[in-house]
Amino acid sequence: MCGIAGLFLKRSSLEPQLGSMLSRMLTVLSDRGPDSAGFAIYGRGTDDLVKLTLRLPAGSEASDAIIATAEQFELKPPAFHANHVVVSVPAARLEAVQSLIRRSPALSGVEIVGSGTRMEIYKDVGLPGDVARRFDLAQMSGTHAVGHTRMATESAVTTKGAHPFSTGVDQCLVHNGSLSNHNGVRRSLQREGLSFETDNDSEVAAGYLTWRMREGASLKEALTQSLKDLDGFYTFVVGTESGFAVLRDPVACKPALMAETDDYVAFGSEYRALAELPGIASARVFEPEPATVYAWERN
């Protein structure tokens, strides 16, 4: 099960509608993943500022500590969204801020969900429609986004186990399926210096792509190599700073459908996730081929 939704906008005039479009798609996919949901939004950004998405522990006073930390480093006021907060940090101060978040007693339990010049990640347990409303997704704007509705199979129903998984700057992955060799791949990646927050197989897939790209591969090359190194049934949708990519396993076991118009490219696990998109009646609707990388990027 699990549901995946993705949107890549070709026209800037649609950017204010990105969140509302994705919100409807995720809500429709609730039946495929009622346990938890999450999404990554790629908005406007600059190379000298990195946005840290943080998750606050329940019932804590960490929000006051986050505000104090921002003031200490002379940062912009943090942007709070339910139990998540986005802190914009100058790239030169990123390591110092991350170190403080991890070791400060006042910030105990605060987790770094993702980081990027343009990417913000939000995820939580609960029905997808409720999660979308919790974070006010419908009011968010941006150039592209990916989302996920989860039916847990490989690990427990927790916020940490929800998708997207981010293991690299401006990079995230959502996944429908299961990997049979993820434990062995995880151990290999740990020897390469990667660390993991969960025992989820999808986080391993994200880490694998981060490692391949760190070694010099393009996203397309990394996904192509994953066909040899990752064993199982899967559909991946990967978000990056400039766009997104899609890959299905060689058997194409998991459902996937795409729609392309002059205004956007959309991905959905089922057609009903695409049915309410503007101009869908005249879109080119197709099923992505197995073992084939599809990618769209902004210049």
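Derivation of every value follows stated rules applied to the coordinates shown; laboratory data play no part. Owing to the predicted nature of the structure, the values given are computational and were not obtained by experimental measurement. Neighbour counts run over all protein chains shown; Cβ positions are idealised from the backbone, glycine included.
Structural remarks
- In degrees, nearest ten, helix 94-103 long axis to first principal axis of the chain (Cα): 70
- Most fluctuating residue given options Ala91, Ala273, Ala205, as computed from a GNM of the chain linking Cα atoms under 10 Å: Ala91
- Karplus 3J(HN,Hα) series, Hz, for the stretch 77-86 with 6.51 cos²θ - 1.76 cosθ + 1.60 (x for Gly, Pro): x, x, 9, 8, 9, 6, 8, 10, 9, 10
- Fewest-first sequence of Val125, Val89 by Cβ atoms within 10 Å of each Cβ: Val125, Val89
- At full extension, Glu289 and Lys220 could sit 23.3 nm farther apart than now, given 0.36 nm per residue minus the alpha carbon distance.
- Here the gap between Met151 and Arg103, fully extended at 0.36 nm per residue and compared with their Cα-Cα distance, gives a gain of 13.9 nm.
- The structure shown yields Rg and Dmax of the Cα atoms in Å, and of the options (1) 18.1, 56; (2) 22.6, 76; (3) 19.2, 68 that calculated value carries the label (1).
- If the chain linking Ser63 and Cys253 were pulled fully straight, counting 0.36 nm for each residue of separation and taking away their Cα-Cα distance, it would gain 64.1 nm.
- Exposure proxy ranking, count of Cβ atoms within 10 Å, fewest first, for Phe286, Phe236: Phe286, Phe236
- Calculated FRET efficiency for the pair Asp31/Glu71, C-beta based, R₀ 51 Å, to 0.05: 0.70
- Think of it as helices only: each DSSP H run of n ≥ 4 in the chain is worth -39500 (n - 2.57), and spread over all residues that comes to -7500 deg cm²/dmol at 222 nm.
- Angle between the chain longest axis and helix 182-191 axis [Cα atoms, degrees, rounded to 10]: 40
- Relative to the dominant Cα principal axis of the chain, helix 201-214 is inclined by about 80°.
- Exposure proxy ranking, count of Cβ atoms within 10 Å, fewest first, for Met140, Met213: Met213, Met140
- Springs between Cα atoms under 10 Å define the GNM used for the chain, and in it the highest mean-square fluctuation of Ala266, Ala145, Ala68 occurs at Ala68.
- For the stretch 45-117, the calculated P(r), taken from all Cα-Cα distances in 5 Å bins from zero up to the bin holding the longest distance, is 3, 18, 32, 30, 13, 4, 1 percent.
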